[in-house]
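Below is one structure, written out as structure tokens, with a few remarks after it.
Derivation of every value follows stated rules applied to the coordinates shown; laboratory data play no part. None of these values were measured; they are calculated from a predicted model. Cβ sites come from the backbone with ideal geometry, for glycine too, and all protein chains shown count toward neighbours.
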Amino acid sequence: ESVCKANELEFLGWREVPVDPTVLGELARAACPSMWQFFVKSPDRLNHDDDVRDGFERTLYLVRRRFDVERKERGLVWEDGDSEVYLASFSSRTIVYKGMVQSEV
């Protein structure tokens with residue numbers, strides 16, 4: 001949240017991504033990661049100009065990179081056994097869900 005604030009982004013909150021683990025096999029369910037999204041409000045200075053939007057996308061990219069650096073420097077870990085964190089995307093244009101699982105179906 002502090003990384004967002006330092007880059008003039010208003011942090012709006014976290015959301016756990018809803019999943020349906022019932023379609024997963026036993027091994028996939030055991031390795032299923034916890035997936036979360038966080039949302040920020042774009043700065044008021046943004047308009048519909050493509051150049052300004054591109055600059056905003058770059059800011060989001062840099063925040064995503066800085067988030068990982070800050071997390072490691074502060075020693076923040078998650079209580080999931082491996083403390084691995086991966087940010088698939090941080091974009092105002094696309095939402096990305098990444099997962100490598102195989103269903104029983």
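Here the calculated FRET efficiency for Glu57 and Val19, from their Cβ-Cβ distance with R0 = 41 Å, stands at 0.90, rounded to the nearest 0.05. The string of couplings for the range 89-95 from the Karplus curve (6.51, -1.76, 1.60, θ = phi - 60°) is 6, 8, 9, 8, 9, 9, 10 Hz, one whole number per residue in order, with x for Gly and Pro. If the chain linking Leu12 and Glu26 were pulled fully straight, counting 0.36 nm for each residue of separation and taking away their Cα-Cα distance, it would gain 1.5 nm. Each residue of the range 18-25 was assigned a 3J(HN,Hα) from its phi angle through the Karplus curve 6.51 cos²θ - 1.76 cosθ + 1.60 (θ = phi - 60°); the sequence is x, 9, 10, x, 5, 8, 8, x Hz, with glycine and proline shown as x.
How much length is gained on full extension from Ser92 to Gln37, taking 0.36 nm per residue of separation minus their Cα-Cα distance? Could the numbers behind the result be given before it?
Numbers: separation 55, 0.36 × 55 = 19.80 nm, distance 1.27 nm.
That pair, Ser92 and Gln37, stretches by 18.5 nm at full extension.
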